[in-house]
Amino acid sequence: MAYSAALGETDCRYYNTAAPHGVLAHPLFPVCYEWPLAQPLRDLAALRPLFARLLHAQHDLMLHRPVRAGETLSVSGRIVAVAQRRPGAFVVFRFESRDAAGAPVTTSDAGMLYRGVQIDQARGEVEEPPASAPALSAVGEIHVAATAAHTYTECARIWNPIHTDIAFARAAGLPGLILHGTATLALSVSRALGALGCDPAQVRRVRCRFAGMVPMPTTLSVKGTRNGNEISFETRNEGGEAVITRGSIGLE
C-alpha cells in the first residue's frame, strides 16, 4: 500500500484490505523485495569501489503470476552477464523469487551501468528490450514533486544516497538529486496502463532502457500505444529528451 501511495495511485484495489485476495500489488512492487539482495551484489569486492559510478540502465521484469499479499517468497540474486557499452561496464543482476511451493513468481534482470569502467572480458548474454512501436501517441504527463525521491525511498524501502543526499550526489558527479529509475518506470507504467484502459493485474512483463536522469521537480510526458497484448511506451523530460526508451508492457 505504501508503494502504491508513493506513486500517487488512486485505484482502490491497491488499498482494499477487505478484498478476498488482499490488496493488489503494483506491477513494479517486486523491486521492493529485490532491493535487499542487490546490496551484497553491489558490495562484492570488485564492485564496491565503483558504487558512486553506478546507474540503473535497463530493466526486465517478468511476473509469472500476480504477487499476493501475505505470502512468503524466497528471493535469490546473482550476476548473469557483463558487457562493455560506450558509457561504461554493463552488469546484469538477476533476481528470482519463488513461493512456498517452489514455483516461480517473479524474475527481474536489472542492468546496471558502471560509468567510465572498462571490462576485461564479456560474459553471459544480455537480452535487449524490443524497439518501440513507430507511432506513439501522448497518453499523459507525470508531475514529479521536489520531494518525490524522499517519499519513494521510504515507501519502497530502497535507499541510495544519490536520490536523497545532495552532497553525496554532487560528489558522485551528478548535478543534483535524481529520481530512482524504478520510480520513473513505475510512474510511466501507471500512466500508460491508465490511459490505455488496461488492468494492472494483467501485467506479466515490463521492459525498458533508462536513457536519462530525472531531476526534481519536473514534468515528464509519456507516449504509448497498444497492439494486442503488448503496450509500447517512452517517457521524455521537459526538454523533449528521452528518459525511458524501448518501454514495453506485456499483458496476459
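The values are calculated or read from the model by the stated rules, or taken from the named source; none is laboratory data. Since this is a predicted model, take the numbers as computed values, not measurements. Ideal geometry is used to build each Cβ from the backbone, glycine not excepted, and the neighbour counts take in all protein chains shown. Accessible surface is based on the protein model in full, side chains and every heavy atom, while ligands, DNA and RNA are left aside. Shrake-Rupley method; radii C 1.70, N 1.55, O 1.52, S 1.80 Å.
Points to keep in mind about this one:
- Derived scalar couplings between HN and Hα for segment 242-249 equal 6, 10, 9, 10, 6, x, 8, 10 Hz in order, rounded to whole Hz, by the Karplus curve 6.51 cos²θ - 1.76 cosθ + 1.60 (θ = phi - 60°), x for Gly and Pro.
- Stretchable slack from R48 to C12, in nm (0.36 nm times residue separation minus alpha-carbon distance): 8.8 nm
- Residue-wise HN-Hα couplings along segment 69-86, as the Karplus relation 6.51 cos²θ - 1.76 cosθ + 1.60 with θ = phi - 60° gives them from phi, are 4, x, 7, 10, 10, 9, 10, 10, x, 7, 8, 10, 7, 9, 9, 9, 10, 3 Hz; Gly and Pro carry x.
- Packing rank of 124-132, 193-201, where each peptide gets the mean count of other beta carbons within 10 Å, highest leading: 193-201, 124-132
- Low-density loop cleavage sites - chymotrypsin sites (Phe, Trp or Tyr not before Pro) in segment 140-200, where at most 13 other Cβ are within 10 Å (DSSP): W159
- Part-to-part distance (alpha-carbon centres) for segment 61-115 and segment 124-150, which is given in Å: 19 Å
- Area of M216 that stays accessible when all protein chains are in place (1.4 Å probe, Å², to 10): 40 Å²
- Protection-proxy order for peptides 77-84, 39-46, each taking the mean of Cβ atoms within 10 Å per residue, highest first: 77-84, 39-46
- Using the Karplus relation 6.51 cos²θ - 1.76 cosθ + 1.60 with θ = phi - 60°, the per-residue 3J(HN,Hα) values for segment 115-121 come to 4, x, 9, 9, 9, 7, 7 Hz, with x marking Gly and Pro.
- Anisotropy class of segment 140-227 from Cα gyration tensor, a/c 1.5 cut: prolate
- Note on segment 153-252: dipole from Cβ charges, positive end direction compared against A186, S221, G250; the farthest Cα belongs to G250.
- If R0 is 35 Å, the Cβ-Cβ spacing of R68 and N227 corresponds to a FRET efficiency of close to 0.75.
- Where a label projected 7 Å from the Cα of E128 along Cα→Cβ would reach, residues of segment 53-71 with amide N under 20 Å: 56-61
- Under a 5 Å amide H cut-off, with hydrogens placed 1.01 Å from N, V117 pairs with A89 among residues at least 5 apart or on other chains.
- Carbon and sulfur %, accessible surface of the chain computed with the full protein complex present, 1.4 Å: 53 percent
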